[in-house]
Amino acid sequence: MLPTFGVLAAVGLMAALTLSLRTAITTGLQPDKLWNAGLFTLLSAFVLSRLLLIAANPHSFLTYPILLLTLPSLNATGIFLTLLATVIYLRLQNLPLLAALDAWSPCATLTWAFLALGHFAEGTDAGLPTNLPWGLAIPPNKTRLHPVAIYAAVTAAALTLILLRQLRHRHNPGDTFALALAATGATQFLLTFFRQPYPYLEPAPTLLDPIQWIALAMIALAGAVLLLQPRKLVPHAV
């Protein structure tokens, strides 16, 4: 299996940063400032996740430092700290939070599309067995499975186009971000019905799996953005 996930993830991130130059103009932000904010967010996620990994495994880091730093390490705590650092950075740079989130929304779904393609290339994100003609045969038993990664990639690409269109016609700050949250959350929730469950859930089944809980939280946050944020009309982009 070719190690293509990292390559596709890197291409997706660069494509997202490049797209942010366009969405910044649409939302009335300075493109270079939004580009720098995007780089800051990515670097913060990388550095903070590695620091948390080292703090949790100091002995392993002293013994195998390079090996430990190459492990996937972005967890809920790392994501929260990255979001906190990004909010502080946006405030220091005088970038409106909701406008920045609107501009980043199609960039995020574009990255998601590339990450899904990376999972497909690696053969991860396995789906449930299916008799549908587009099911993928998995060796050695040739069982046909739902191509969940392809479902996600196609949906993410379509959502990127929808968000770009909505961004040009948004009426209030946060509208595009709310749409992205709601649509992504709903998509991820539905995809779990085609995806194989996590192995650690089998001994103690729960009502919903972790991705479904996260998806519901995203949908609830979208509603909060629409209902709780002050509604200020913004001019349409020319």
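All of the numbers you see were taken from the coordinates with simple rules; none came from a lab. Note that the structure is a prediction, hence the values are computed from the model and not measured. Cβ sites come from the backbone with ideal geometry, for glycine too, and all protein chains shown count toward neighbours.
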Next item on the list: Would you mind working out the magnitude of the charge dipole of the chain relative to its Cα centre, with +1 at each Lys and Arg C-beta and -1 at each Asp and Glu C-beta, to the nearest 20 Debye?
Entry: 480
Item checked: Max mean-square fluctuation residue, GNM over the chain, Cα-Cα springs under 10 Å, options Trp112, Trp213, Trp35 -> Trp213
Note to self: Can you compute the FRET efficiency between Val47 and Leu132 using 1/(1 + (r/R0)^6), with r the Cβ-Cβ distance and R0 = 41 Å? Round to the nearest 0.05.
What the structure shows: 0.40
Item checked: Most fluctuating residue given options Thr130, Thr86, Thr23, as computed from a GNM of the chain linking Cα atoms under 10 Å -> Thr130
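Could you tell me the convex hull volume per residue, in Å³, taken over the Cα atoms of the chain? Please report the intermediate quantities before stating the final value.
Numbers: hull volume 38.5 nm³, N = 238.
For the chain, the hull spanned by Cα atoms encloses 162 Å³ per residue.
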Notebook entry, point to check: If we sort 40-51, 115-126 on the protection proxy, mean other Cβ atoms within 10 Å, highest first, what's the order?
Noted result: 115-126, 40-51
Margin query: Sort 9-16, 88-95, 156-163, 173-180 by the packing proxy (mean of other Cβ within 10 Å over each peptide's residues), most packed first.
Written below: 173-180, 156-163, 9-16, 88-95
Next item on the list: Quickly work out the Tyr64-to-Trp35 label distance, labels modelled 7 Å from Cα along the C-beta direction, and quote it in nm with one decimal.
Entry: 3.9
Item checked: Expected 222 nm ellipticity per residue - DSSP helices of 4 or more, -39500 (n - 2.57), all of the chain, to 500 -> -22500 deg cm²/dmol
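How big is D for the stretch 1-125, in µm² s⁻¹ as a whole number, if Stokes-Einstein is applied with the Kirkwood radius of its Cα pairs at 4 °C and 1.567 mPa s?
Values: Rh = 15.8 Å.
After rounding, the answer is 82 µm²/s.
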